[in-house]
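Here's the structure we're looking at; comments come further down.
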Amino acid sequence: MPQLVKDRFDDVPRSSGRVGAHRAEAPGMNGWIVLLWSFVAALVIIVVGIFVALMLMGRITLFPGAGSTGAPAPEVAGVVDTSYSVLVLNATPESGLDVQLRDTLLNNGWPADSVSYGEAGQQDFAETTVYYVAEADQLAAIGLADVIGGAQVSESDFYADPNDPEQKQLVVVIGLDRSSVEPESVETPAE
């Protein structure tokens, strides 16, 4: 077997623990610079995440004018549906408004047994409002508001019957906008 030829690298002492350039410290990588870039990257990720979340929730629209012609949206026409039962509540200090509104509904085709009326628990309700329970009842509520001479229309399950959630019912709360009597102000005695 031939003998290996000795060269100058055979005499280098192996006392150092490192061998090769790949184990040396990276030149130019300062700890503060790495920390700064980490903060910048985290900030960019957080800002982009917030922006995307706001877009998904509908709070930000990228192109608000796209698709709209600038003309106002047409008003939704209501449907007069006399199959709905109607509860009329008088929320004003003037008595008899609920009876007058009941008579208006009866004259417009509602059956007498499907229209009930009474006094509300308060006498200072601001605007006359027609309440409906489900989205499918909205057109009937708008139609009822038109029949009574105009009113606000609002969705609320407050007046829904817990025993019969499928009942088709609309509720009219008569407000001070239909009353000629001002509500009495409650004064507290001076101490």
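The table below gives the values:
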| item | result |
| --- | --- |
| Those residues of segment 89-112 which are hydrophobic (A, V, I, L, M, F, W, C) and not in a strand (DSSP E or B), in sequence order | ALA91, LEU97, VAL99, LEU101, LEU105, LEU106, TRP110, ALA112 |
| Filtered residue count, segment 96-110, keeping only those that are surrounded by fewer than 21 Cβ atoms within 10 Å (Cβ to Cβ) and in contact with a Ser or Thr (Cβ under 7 Å, 6 or more places away or on another chain) | 1 |
| Flag if ALA145 is over 23 Å from the mean Cα position of the chain (by Cα), hydrophobic (A, V, I, L, M, F, W, C) and modelled with pLDDT of 80 or more | yes |
| Residue tally, condition polar (S, T, N, Q) and crowded, with 17+ Cβ neighbours inside 10 Å, over segment 156-179 | 2 |
| Candidate set from segment 113-142 (those that are of a type in the set (Phe, Trp, Tyr) and either closer than 20 Å to SER95 by Cβ or assigned to a helix (DSSP H, G or I) (or both)); member that is nearest to the chain's Cα centre (by Cα) | PHE125 |
| Test: VAL86 is in contact with a helix residue (DSSP H, G or I) (Cβ under 8 Å, 6 or more places away or on another chain) and either in a helix (DSSP H, G or I) or surrounded by fewer than 16 Cβ atoms within 10 Å (Cβ to Cβ) (or both) | no |
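The rows are residues; the columns are (1) at pLDDT below 80; (2) of a type outside the set (Lys, Arg); (3) buried (at least 21 other Cβ atoms within 10 Å of the Cβ).
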{"site": "THR82", "(1), (2), (3)": "yes, yes, no"}
{"site": "ASN90", "(1), (2), (3)": "no, yes, yes"}
{"site": "GLU94", "(1), (2), (3)": "yes, yes, no"}
{"site": "GLN122", "(1), (2), (3)": "yes, yes, no"}
{"site": "GLU127", "(1), (2), (3)": "no, yes, no"}
{"site": "TYR131", "(1), (2), (3)": "no, yes, yes"}
{"site": "ASP137", "(1), (2), (3)": "yes, yes, no"}
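The values are calculated or read from the model by the stated rules, or taken from the named source; none is laboratory data. The model shown is predicted, which means the values in this text are computed figures rather than measured ones. Note that we place each Cβ from the backbone using ideal geometry, even for glycine, and neighbour counts take in every protein chain shown.
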